[in-house]
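Report on the following structure.
Nothing in this text is a laboratory measurement; each read-out follows from the coordinates by a stated rule. Note that the structure is predicted; figures quoted are calculated from it, not measured. A quick note on method: Cβ atoms are made from the backbone with ideal geometry, for glycine too, and the neighbour counts reach across all protein chains shown.
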Amino acid sequence: MRIGFVGIGRMGEPMVLRLLKAGFQVTVWNRTREKLPSVVDAGATATQDLQDVSLNSDVVLTMVTDDAAVRQVYQSTDGLLSAAVQGKSFADMSTILPETVKHVAAAAAERGASFVDAPVAGTVQPAREGRLLVFVGGEQQDIERLRPVFAVLARRVQHLGPVGSGAAMKLVHNALLTTYWSVFAEAMAMGTRYGLNFKDMIEVIGESPAAFAALPVKVPALLGQPAEVGFNIANVQKDLRTITAFAESVRLPVPILRVVQNAFDEAASKGLAHEDVAAIVKQAVTND
């Protein structure tokens, strides 16, 4: 099976490397070429033409920044769907609105191609290890064709319903995760103000029911040790804008999420936009 991969960012790179190691032939495209050498050196074929990605692939995975970028790579005059794509499979793994997914899926169907939305839970290290969780929306037969690909990337693939369902689940997931980080920051600041030792609090919470799965990975960053940026605050801001737009589309007020959005906006305004999400905790404790 030939695979195309569009979007060689922080997550795309380790995913492509896993696909290459598994023996797939992979054609890659990225808006900027400086991110391509690592995957090309590992055996991927790079192209500057999105049509080439479609023509030289049986399955195309896309993971790009936002809704506008998804529409651009699929539906621009020289985009993925501008080539002959009948019988090909597309899966978008970006964090975007369900309505954008449905729009692109309809365009793919008009061209005789299948499309599923398949965003993931997990950051860089799970991507390297093939331990992502994939949220999928689409037709069962379209998902089955993609299972050999997903098997290399994920520990679990969850089919959640028709096209758009995967995107919706990813926004639900990220709403919970970003809210946790914001409240965690306030709780740590509260304890610090009283005089509790920050490291002691982290260790105790890590062993308690208040812990969550991402916490152990973030302990080095929380303690000021050198640590890889898994997901930065600028990306959290973008996701929260998408989440609140989704909430509006289903006519649901989300006052807590809007407070969370303000907290991350404040962190970004203080120069933390490109730091890991855990930086919001350091900011809260320092400001205290």
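Sorted from greatest to least, the principal axis extents spanned by the alpha carbons of segment 2-163 come out as 36, 32, 25 Å. Derived from the Cα gyration tensor, the three semi-axes of the equivalent ellipsoid of segment 169-287 are 25, 15, 14 Å, largest first. Computed about the Cα centre, the dipole magnitude for segment 189-268 is approximately 220 debye when only Lys and Arg (+1) and Asp and Glu (-1) carry charge, each at its Cβ. Descending by average beta-carbon neighbour count within 10 Å, the peptides 217-226, 149-158 line up as 149-158, 217-226, the highest first. When its C-alpha radius of gyration is set against 2.2 N^0.38 Å (N residues), segment 68-204 gives a value of 1.35.
Phi angles of segment 125-140 translate, via the Karplus equation with coefficients 6.51, -1.76, 1.60 and θ = phi - 60°, into HN-Hα couplings of 5, x, 5, 4, 8, x, 10, 6, 10, 9, 9, 10, x, x, 7, 4 Hz per residue; Gly and Pro are given as x. Between Val60 and Gly4, Ser89, Phe90, Ala91, the built amide H atoms are under 5 Å apart, and every one of these is 5 or more places off in sequence or on another chain. Report the Cα centroid-to-centroid distance between segment 210-243 and segment 62-97 in angstrom, as an integer. Between the Cα centre of segment 210-243 and that of segment 62-97, the gap is 28 Å.
Remark: segment 9-26, residue by residue, has Karplus-estimated 3J(HN,Hα) of x, 4, 8, x, 4, x, 5, 5, 4, 5, 4, 5, 5, 6, x, 6, 7, 10 Hz, where x stands for each Gly or Pro and the curve is 6.51 cos²θ - 1.76 cosθ + 1.60 at θ = phi - 60°.
Over segment 243-287, the fraction of Cα-Cα pairs per 10 Å bin, rounded to whole percents and listed from the shortest bin up, is 26, 43, 25, 6. Per-residue 3J(HN,Hα) values for segment 84-97, derived from phi via the Karplus relation 6.51 cos²θ - 1.76 cosθ + 1.60 with θ = phi - 60°, read 6, 10, 4, x, 8, 10, 10, 9, 8, 10, 6, 9, 9, 6 Hz in sequence order (x marks Gly and Pro).
Each principal axis of the chain carries a Cα extent, and these read 65, 45, 32 Å when sorted largest first.
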